[in-house]
Each structure stands twice: as C-alpha cells, then as structure tokens.
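Following: one structure in structure tokens, then a few remarks.
The values are calculated or read from the model by the stated rules, or taken from the named source; none is laboratory data. Computed from a predicted model, the values in this text were never measured in an experiment. In this analysis, Cβ positions are derived from the backbone assuming ideal geometry, glycine residues included, and neighbour counts consider all displayed protein chains.
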Amino acid sequence: MFRIGCHLSASGGFTAMGKTAAEIGADVFQFFTRNPRGGAAKAIDEKDVEAFLALSAEKGISTILAHAPYTLNACASAENTLNFARETMADDLARMEYIPGNLYNFHPGSHVGQGVERGIELIAETLNMTLRTDFHTTVLLETMAGKGSEVGGKFEEIREIIDRTELSHMLGVCLDTCHVYDAGYDIVNDLDGVLAEFDRVIGLNRLKAIHLNDSKNPFNSHKDRHEVIGGGSLGIEAITRVINHPALRELPFYLETPNELAGYAKEIETLKGLYIE
Ligand code: FE
Ligand code: FE
Ligand code: ZN
C-alpha cells in the first residue's frame with residue numbers, strides 16, 4: 001500500500017496536524033519536535049494526543065515521523081552545543097512515548113573540523129547516552145548530502161555509527177532522495193545499483209522511511225537544496241521509479257519540497273496517480 005505524506009507545521013498540535021493530513025490526502029506526516037532553530041518544545045497536551053490518536057485511527061494515518069531540530073548536532077565540538085544535542089534528543093524521545101511505535105529522525109551531525117572519525121565516535125556516544133531499552137521509537141539516521149563537514153553523506157559512515165551504538169536494534173535509516181543524489185549516489189540512472197550498495201553497506205532491513213524530494217542542484221553537487229517533485233535534477237521519471245521500486249514501495253514517503261499545503265496536496269495526488277497498485 002502506498003503511504004505518502006509531507007512535512008507539516010506542529011504549531012497547532014497533534015490533532016491539527018492529523019486534520020491537515022486528512023485534508024490534503026496524506027497517509028503519513030512529518031513534523032519538527034521543536035522550532036528547527038532550537039529552543040524549548042511545547043508542553044505535551046495529553047487531551048490533544050488522545051484526540052489525535054482517535055482521529056488518526058479513523059482516517060488511516062500512520063507512521064508519524066518526528067524530525068529533530070537542525071540545530072541538534074550530535075557531534076558538535078563546543079560542549080554546550082553537544083550538551084544541547086544530547087538533552088534535546090533525550091527529551092524528544094521521552095516525549096515520543098506519548099505516540100509510541102513511530103519514528104524519530106535526525107541529521108547525524110557536522111564534525112566541524114574534528115574529522116569524520118571523531119564525528120562518528122561522538123554521534124555514537126550521543127546515541128549511547130540517549131537510547132533506552134524502554135523507548136518505543138525507532139531512531140533514524142538521515143542520509144545527508146555531504147555538505148561542508150556533514151557526517152552521513154556516505155553509507156559507510158552511517159554503518160559505522162550503527163556499529164558503534166549499543167542499542168543498535170533501535171536504529172534505522174531515512175533515505176532522502178535529494179540528499180543521496182547530491183551526495184553522489186546516482187538514483188536517476190542506477191537506482192538498482194544504489195540500493196544494492198545500500199544493502200551491502202547498511203542493509204535494506206534498516207531502511208524505514210524515504211524523504212521524497214527533487215533537487216535544485218546537479219548530481220554529486222553536495223548542496224542539499226530541495227526542489228518540488230519533477231522540477232529538479234531528479235525529474236518525475238526517476239521519482240516514479242523510486243516510489244514503485246520493490247525494495248521501497250512499502251515504506252512511508254515524506255515530501256519536504258518547497259510547498260504550501262495546496263502544493264503538497266497536488267504532489268500527493270500526482271504521486272498517487274503514478275504509484276502502480
Ligand atoms: Fe532532514
Ligand atoms: Fe530530509
Ligand atoms: Zn535536505
């Protein structure tokens with residue numbers, strides 16, 4: 001079954017997101033756990049969560065993907081930045097227990113000159129300090145474009161983080177189509193080859209979600225700028241192959257394209273038309 005949705009604003013709470021998702025034809029959705037520029041999260045309103053769970057069951061909305069703020073750098077060199085990352089992740093995961101069984105995604109981090117190996121060490125250390133056996137959320141490492149000192153632009157780096165994490169059974173991967181293409185994985189001309197590589201290095205069993213975005217920049221550009229579906233260097237044909245690929249078609253897909261709600265509704269409708277039932 002095709003499950004497609006998009007990034008939604010969390011400012012109105014869970015029930016508002018569920019209503020919006022239903023209105024635009026989304027089966028899944030993503031939201032930021034707090035302002036992407038950082039800061040405190042809103043207090044959880046248990047009544048809102050309860051109403052949301054009832055609504056999502058009624059409307060068939062599943063697999064909520066909570067996205068950590070961009071300012072969370074799990075391998076920062078500055079102590080206060082690193083502490084912020086660890087406290088934020090621990091707090092986000094504790095809050096996710098209100099909606100158990102869903103997904104939490106974060107950008108592995110930027111090593112800011114410490115080197116990729118030190119970055120990987122610190123990210124694993126962050127996960128080892130944060131993951132708890134009594135959490136019911138799968139934590140996803142997002143594949144990155146390899147911009148600047150970003151960690152996670154290579155599948156091998158993600159694999160290494162997983163290998164160094166004690167509770168690695170709680171980890172998965174979110175593949176961002178814009179990011180991997182910008183990182184030099186040619187999903188336009190060789191989707192099968194890229195997925196075979198993903199399977200060899202990480203294992204396709206770890207792949208839990210797809211960020212479905214076109215890219216404003218050419219292959220291997222290491223840029224990370226999302227484009228609307230069909231409007232960028234990936235193009236509609238490659239994206240159609242992605243959503244229908246046997247290894248991907250059952251995963252939840254999340255649009256993070258530059259759109260307002262009406263634009264998302266249109267993209268969801270278009271993609272539903274391109275999915276082969
Ligand atoms: Fe992301
Ligand atoms: Fe993404
Ligand atoms: Zn991105």
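Given the criterion within 17 Å of Ser168 (Cβ to Cβ) and either among the polar types (S, T, N, Q) or free of Cβ contacts under 8 Å to residues at least 12 places away in the same chain (or both), identify the matching residue among Thr133, Thr63.
Thr133
Farther than 25 Å from Gly148 by Cα, small (Gly, Ala, Ser) and surrounded by 19 or more Cβ atoms within 10 Å (Cβ to Cβ): does that describe Ser62?
no
Looking at (1) at pLDDT 95 or above; (2) under 24 Å from Leu72 (Cβ atoms), which is the one condition that is false for Pro36?
(1)
Among (1) assigned to a loop (DSSP other than H, G, I, E, B); (2) at pLDDT 95 or above; (3) over 21 Å from Gly153 (Cα atoms); (4) within 16 Å of ligand 1 (Cβ to nearest atom), there is one condition Gly101 misses while meeting the rest; what is its number?
Status for Gly101: all satisfied but (4).
In this structure, is Gly232 more than 12 Å from ligand 2 (Cβ to nearest atom) and in contact with a Lys or Arg (Cβ under 7 Å, 6 or more places away or on another chain)?
The answer is yes for Gly232.
Can you go through Ser62, Ser77 and tell me which one is within 28 Å of Glu156 (Cα to Cα) and either at pLDDT 95 or above or among the polar types (S, T, N, Q) (or both)?
Being within 28 Å of Glu156 (Cα to Cα) and either at pLDDT 95 or above or among the polar types (S, T, N, Q) (or both) holds for just one of Ser62, Ser77, which is Ser77.
Starting from region 204-216, keep only residues that are more than 15 Å from Gly5 (Cα to Cα) and without any contact (Cβ under 8 Å) to a residue 60 or more places away in the chain, then list their pairs with residues that are within 9 Å of ligand 2 (Cβ to nearest atom) and outside any strand (DSSP E or B) whose Cβ atoms are within a distance under 6 Å, requiring at least 6 positions of separation or different chains.
Ser215/Cys178
Looking at Phe14, Phe32, Phe2, which is the one that is closer than 13 Å to Ile99 by Cβ and touching a residue at least 12 places away in the same chain (Cβ under 8 Å)?
The conditions single out Phe14.
Could you look through region 172-194, keep only residues that are over 13 Å from Asn217 (Cα atoms) and within 16 Å of ligand 1 (Cβ to nearest atom), and pick out the one that is nearest to the chain's Cα centre (by Cα)?
Cys174
When you scan region 41-55, do you find a residue that is at pLDDT below 95, in a loop (DSSP other than H, G, I, E, B), more than 16 Å from ligand 1 (Cβ to nearest atom) and in contact with an Asp or Glu (Cβ under 9 Å, 6 or more places away or on another chain), even just one?
yes
Report, by residue number, each residue of region 231-277 that is free of Cβ contacts under 8 Å to residues at least 12 places away in the same chain, within 18 Å of Cys6 (Cα to Cα) and not in a helix (DSSP H, G or I).
If the condition is that a residue be free of Cβ contacts under 8 Å to residues at least 12 places away in the same chain, within 18 Å of Cys6 (Cα to Cα) and not in a helix (DSSP H, G or I), then Glu260 is the only one that fits.
In region 136-147, which residues are within 16 Å of ligand 3 (Cβ to nearest atom) and touching a residue at least 40 places away in the same chain (Cβ under 8 Å)?
Leu140, Glu142, Thr143, Met144, Ala145, Gly146, Lys147
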